[in-house]
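K.L.:
For reference, the structure I am asking about is given below.
The values are calculated or read from the model by the stated rules, or taken from the named source; none is laboratory data. Just so we're clear, the structure is a prediction, and the values are computed from it rather than from any experiment. Counting neighbours? That spans all protein chains shown, and the Cβs are built from the backbone with ideal geometry, glycine included.
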Amino acid sequence: MSKEKSILISNFADTESYDRRIKKFVPYYEEMMNSVLNCFSEHESYLVVLELGCGTGSLSQKILKRQGVFKLTAIDINEEMVKKCKENLSPYPARTEIICADMIGFRRLNYFDYVLSNLALHYPSTNDKKISVCRNVYESLRPGGIFSFSVMMTSESAESTERIWNHWENDVLQGGVSREELDDWRRTHHGADHPVLPSLWLEWLRKLGFRPCELVWCETIFGTIWARKP
């Protein structure tokens with residue numbers, strides 16, 4: 001996870017509050033995580049997986065339940081999140097490596113079969129930082145490796161961006177969030193988000209050498225992208 005996401009998390013009272021609120025403000029949270037995990041092929045074994053921006057370990061727990069995952073490295077820059085992730089992944093001590101680190105500069109050459117991330121890559125504040133993450137992922141993957149990640153995204157025009165944001169707001173309000181809570185979220189957290197167009201993500205990935213690259217899931221302001229290193 002980036003320093004920007006660490007600032008976001010510091011606005012929550014604790015890690016449990018973070019988990020509760022993220023699910024309230026992302027009504028499609030489980031569906032989105034499953035869209036990231038759909039990249040796994042059946043009958044694979046001894047897979048080495050990296051999760052970028054692991055938070056409290058929600059996605060990590062699902063990864064470790066996938067057949068074939070031999071080793072998971074999970075990184076996050078927030079010490080409290082790393083502590084909670086270690087607690088949540090304690091049933092898998094021999095299969096997990098949990099590190100407090102900034103995802104922007106993290107790299108292990110030709111080491112991982114999969115690199116996954118859930119709602120973390122829109123926090124780096126500049127395009128150059130996002131591209132740096134993608135470049136390090138490419139270099140960290142083995143040939144044939146998969147990069148699958150969900151992010152907050154923007155749209156092609158101001159009109160369509162406003163439309164999808166309004167759709168998301170309606171979904172959140174219908175899920176039980178009050179208007180006061182929504183306004184508070186906008187005031188305290190929205191400044192930490194730096195979404196870009198899905199087409200821009202795909203352009204960066206192709207320039208780095210990923211083939212193919214696809215937007216495989218989308219709901220309001222969120223989407224999941226899948227890419228393979230040849």
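K.L.:
Considering only the stretch 85-99, state which residues are over 21 Å from Y46 (Cβ atoms) and either at pLDDT below 95 or acidic (D, E) (or both).
P.N.:
Within the stretch 85-99, E87 is the sole residue that qualifies.
K.L.:
I'd like the full set of residues that are in contact with a strand residue (DSSP E or B) (Cβ under 8 Å, 6 or more places away or on another chain), in contact (Cβ under 8 Å) with a residue 24 or more places away in the chain and not in a strand (DSSP E or B), limited to the stretch 204-227.
P.N.:
Matches in the stretch 204-227: L205, F210, I221.
K.L.:
Sticking with this one: Hey, S157 hits all of (1) under 22 Å from C39 (Cβ atoms); (2) without any contact (Cβ under 8 Å) to a residue 24 or more places away in the chain; (3) hydroxyl-bearing (S, T, Y) but one; which does it fall short on?
P.N.:
(1)
K.L.:
Out of the residues in the stretch 41-65 meeting the condition of being part of a helix (DSSP H, G or I) and within 19 Å of S140 (Cβ to Cβ), tell me which one is farthest from the chain's Cα centre (by Cα).
P.N.:
Per the criteria, the residue is I63.
K.L.:
Something else about it: So the check is Cβ under 9 Å with 6+ separation or different chains; which pairs have a first residue in the stretch 32-43 that's more than 11 Å from V216 (Cβ to Cβ) and modelled with pLDDT of 95 or more and a second one that's assigned to a helix (DSSP H, G or I) and among the small types (G, A, S)?
P.N.:
M33/S58
K.L.:
Of (1) farther than 30 Å from R142 by Cα; (2) touching a Leu at 6+ places or on another chain (Cβ under 8 Å); (3) surrounded by 14 or more Cβ atoms within 10 Å (Cβ to Cβ), I221 satisfies all except one. Which?
P.N.:
With (1) farther than 30 Å from R142 by Cα; (2) touching a Leu at 6+ places or on another chain (Cβ under 8 Å); (3) surrounded by 14 or more Cβ atoms within 10 Å (Cβ to Cβ) applied to I221, the lone miss is (2).
K.L.:
Quick check on my filter: what residues within the stretch 189-203 are modelled with pLDDT under 95 and either assigned to a helix (DSSP H, G or I) or among the small types (G, A, S) (or both)?
P.N.:
H190, G191, A192, listed by residue number.
K.L.:
With the structure loaded, tell me whether K24 is at pLDDT below 95 and farther than 25 Å from P230 by Cα or whether it fails that test.
P.N.:
Taking the combined requirement at face value, the residue satisfies it.
Residues are listed down the side, and each one gets a yes or a no for (1) modelled with pLDDT of 95 or more; (2) in contact with a Leu (Cβ under 9 Å, 6 or more places away or on another chain); (3) not in a helix (DSSP H, G or I):
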| position | (1), (2), (3) |
| --- | --- |
| I146 | yes, yes, yes |
| S150 | yes, yes, yes |
| E156 | no, yes, yes |
| T161 | no, no, no |
| I164 | yes, no, no |
| E169 | yes, yes, no |
| L173 | yes, yes, no |
| D183 | no, no, no |
| R187 | no, no, no |
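K.L.:
Moving on to the next point. Checking F70 against (1) in a strand (DSSP E or B); (2) within 25 Å of H189 (Cα to Cα), which test does it fail?
P.N.:
F70 satisfies every listed condition except (2).
K.L.:
Just to check your reading of the model, which residue among L89, L52, L37, L72 is aliphatic (A, V, I, L, M) and surrounded by fewer than 20 Cβ atoms within 10 Å (Cβ to Cβ)?
P.N.:
Matching residue, one of L89, L52, L37, L72: L37.
K.L.:
Shifting gears a bit: Being without any contact (Cβ under 8 Å) to a residue 60 or more places away in the chain and outside any strand (DSSP E or B) is the filter here, so list the residues in the stretch 88-104 that pass it.
P.N.:
N88, L89, S90, P91, Y92, P93, A94, R95, A101
K.L.:
Tell me yes or no: at least one residue of the stretch 106-129 is surrounded by 24 or more Cβ atoms within 10 Å (Cβ to Cβ) and in a helix (DSSP H, G or I).
P.N.:
Within the stretch 106-129, none of the residues are surrounded by 24 or more Cβ atoms within 10 Å (Cβ to Cβ) and in a helix (DSSP H, G or I).
K.L.:
Output the residue which, of all residues in the stretch 130-144 that are not in a strand (DSSP E or B) and not hydroxyl-bearing (S, T, Y), is nearest to V26 (Cα to Cα).
P.N.:
K130
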